[in-house]
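Below is one structure, written out as structure tokens, with a few remarks after it.
Read the figures in this text as sums done on the coordinates, not as results from a lab. Remember, it's a predicted structure, so these values are computed and weren't measured experimentally. Here the Cβ is made from the backbone with ideal geometry for all residues, glycine too, and neighbour counts use every protein chain on show.
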Amino acid sequence: MSLLFRNARMFKAAMNLYPPYWGTGISVTEVSPDFRRMVVRLKARFYNGNAFGTHFGGSLYSMCDPHYALLLIPLLGPGYVIWDKAARIDFLRPGRGTLTAVFDWNDQQLAEIRAQTADGGKCLPERTLDIVDSDGKAVARLWKQLYVRRKQP
């Protein structure tokens, strides 16, 4: 497993240096030491808005794109193939100010993935989260489906 996934602080720093994030106002503000939780924020900047004075929808999706899959890599270990399979974002209201998305995995979800892949089969876990504004109101809802399978020996 890459050194990046062995240390949550290093992972967070690397994500914040990632040019598509650094250049759009997206930042990873928290990664728990056990990689079970990540908080991502999108700050409004003069260069990342749309024609309506709100956040560009592509930025809202970008702030959420890889994180469920990336968190699974250290949680499951090197014996798994993990990919994003499908996604959908529903815009609920205009996004203004600082927006936040929280990604997490719990013991039950990880156990289900391990059980479904134990015999070499695939697992297609689905996750939903709300992107919220500073008042805690949902501005968008993200749905993700991942593909997880044990690597062939």
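Multiplying each eigenvalue of the alpha-carbon gyration tensor of segment 53-93 by 5 and taking the square root yields semi-axes of 28, 10, 7 Å, largest first, rounded to whole angstroms.
Taking the Cα atoms only, what angle lies between the long axis of helix 107-117 and the longest principal axis of the chain, rounded to 10 degrees? Once rounded, the angle reads 50 degrees.
The C-alpha atoms of segment 3-150 occupy a region whose extents along the principal axes are 51, 30, 23 Å, arranged from largest to smallest. Lys-Lys pairs in the chain that are eight or more residues apart or on separate chains and whose Cα atoms lie under 29 Å of each other come to 15. Take every pair of alpha-carbon atoms less than 8 Å apart whose residues are at least six positions apart; their mean separation over the length of the chain yields a relative contact order of 23 percent. Taking each DSSP H run with n ≥ 4 as -39500 (n - 2.57) and averaging over every residue of the chain yields -7500 deg cm²/dmol at 222 nm. The length gained on full extension between L17 and R114, counted as 0.36 nm times the residue separation minus their Cα-Cα distance, comes to 31.7 nm. Can you figure out the FRET efficiency of R9 with D107, using R₀ = 25 Å and their beta-carbon distance, to the nearest 0.05? Rounded to the nearest 0.05, the efficiency is 0.60.
Looking at segment 91-153, which trypsin sites (Lys or Arg not before Pro) are DSSP coil and have at most 12 other C-beta atoms within 10 Å of their C-beta?
Values: sites: R96, R114, K122, R127, K137, R141, K144, R149, R150, K151; in loops: R96, K137, K151.
Answer in residue order: K137, K151.
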